[in-house]
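Here is the structure we will look at, set down as structure tokens.
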Amino acid sequence: MIHDDMALPQAVRAVIRDVADFPRPGITFRDITPVFGQIGLPLRIASWMAAAFAADAGGERIDAVACVEARGFMLGPLVARELGVGLIPVRKPNKLPRATLRQDYDLEYGTDALEMHADACGPGQRVLLVDDVLATGGTAAAACRLIQRAGAGVAGAAFLIELDGLDGAQRLPVASRSLLALPA
């Protein structure tokens, strides 16, 4: 059942761990893994993520959910199940066994890349992007470009956390929603 859950942000924030100076000094890592140790909490999150994009809530048709490695893999399947659609894994390079599309993108200190199977989606399909954290938007924007290069449309993006002040949503070609806004 898809619904908005007013107590959900507080329940999620209560179990997220802030890890100072990880993976390098000055960074506060938001550890979402405790969320998955809470009975029912991941399903409530998936319901919230799907709610704005569900056809019965006035959203456009969604044909698939794309999720980004690694922590997006923990949420994407639940959202896909909630919407009753298939799943598209978006992976780090050289992890997929068939023909892929690759998208390079800039990081704060260098570059990285994402890949997805070239036939994962196609013309006329509408794909919802799901990931755990929206920071600068580089990873999510690269995933959106992959979906578009395959010929599909990006219906929107849903995140568990958005880091304030980094303007990640501004880099995305679609509307996004985030359950929690936390300081960068």
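What to note about this one:
- Test: residue in segment 110-120 that is closer than 30 Å to Pro9 by Cα, touching a Gly at 6+ places or on another chain (Cβ under 9 Å), outside any helix (DSSP H, G or I) and among the acidic types (Asp, Glu): no
- Hits in segment 98-112 - residues which are more than 8 Å from Ala142 (Cα to Cα) and not charged (D, E, K, R): Ala99, Thr100, Leu101, Leu107, Tyr109, Gly110, Thr111
- Contact map, segment 98-125: first residue within 20 Å of Leu166 (Cβ to Cβ) and free of Cβ contacts under 8 Å to residues at least 12 places away in the same chain, second residue acidic (Asp, Glu) and surrounded by 11 or more Cβ atoms within 10 Å (Cβ to Cβ), Cβ cut-off under 9 Å, separation 6 or more or different chains; pairs are Thr111/Asp104.
- In the set Arg91, Arg81, Arg71, only one residue is surrounded by 13 or more Cβ atoms within 10 Å (Cβ to Cβ), charged (D, E, K, R), farther than 16 Å from Arg145 by Cβ and touching a Ser or Thr at 6+ places or on another chain (Cβ under 9 Å); that residue is Arg71.
- Within segment 27-41, residues that are part of a helix (DSSP H, G or I) sit with their Cβ atoms under 9 Å from residues that are loosely packed, with under 12 Cβ neighbours inside 10 Å and at pLDDT 95 or above, at 6+ positions apart or across chains, in these pairs: Thr33/Arg17; Pro34/Arg17.
- Test: residue in segment 158-177 that is out of contact with any Leu (no Cβ under 9 Å at 6 or more places or on another chain), in a strand (DSSP E or B) and over 24 Å from Glu60 (Cβ atoms): no
- Number of residues in segment 66-109 that are under 20 Å from Gly153 (Cα atoms) and in a strand (DSSP E or B) equals 15.
- Residue within segment 125-136 that is modelled with pLDDT under 95, touching a Lys or Arg at 6+ places or on another chain (Cβ under 8 Å) and outside any helix (DSSP H, G or I) present: yes
- Of the residues in segment 49-61, at least one is under 19 Å from Arg177 (Cα atoms), over 19 Å from the mean Cα position of the chain (by Cα), free of Cβ contacts under 8 Å to residues at least 40 places away in the same chain and not in a helix (DSSP H, G or I).
- Odd one out for Ala152 among (1) touching a residue at least 60 places away in the same chain (Cβ under 8 Å); (2) within 26 Å of Arg17 (Cα to Cα): (2)
- On inspection, Arg44 qualifies as touching a residue at least 24 places away in the same chain (Cβ under 8 Å), in a helix (DSSP H, G or I) and within 21 Å of Ala157 (Cβ to Cβ).
- Candidates Ala14, Ala51: the one that is more than 25 Å from Met116 (Cα to Cα) and loosely packed, with under 13 Cβ neighbours inside 10 Å is Ala14.
- Residue within segment 115-128 that is more than 18 Å from Asp63 (Cα to Cα) and of a type in the set (S, T, N, Q) present: no
- For segment 102-126, residues that are more than 28 Å from Ala184 (Cα to Cα) and surrounded by 19 or more Cβ atoms within 10 Å (Cβ to Cβ) total 5.
The values are calculated or read from the model by the stated rules, or taken from the named source; none is laboratory data. The model shown is predicted, which means the values in this text are computed figures rather than measured ones. Heads up, the Cβs are rebuilt from the backbone with ideal geometry, glycines too, and the neighbour counts pull from every protein chain shown.
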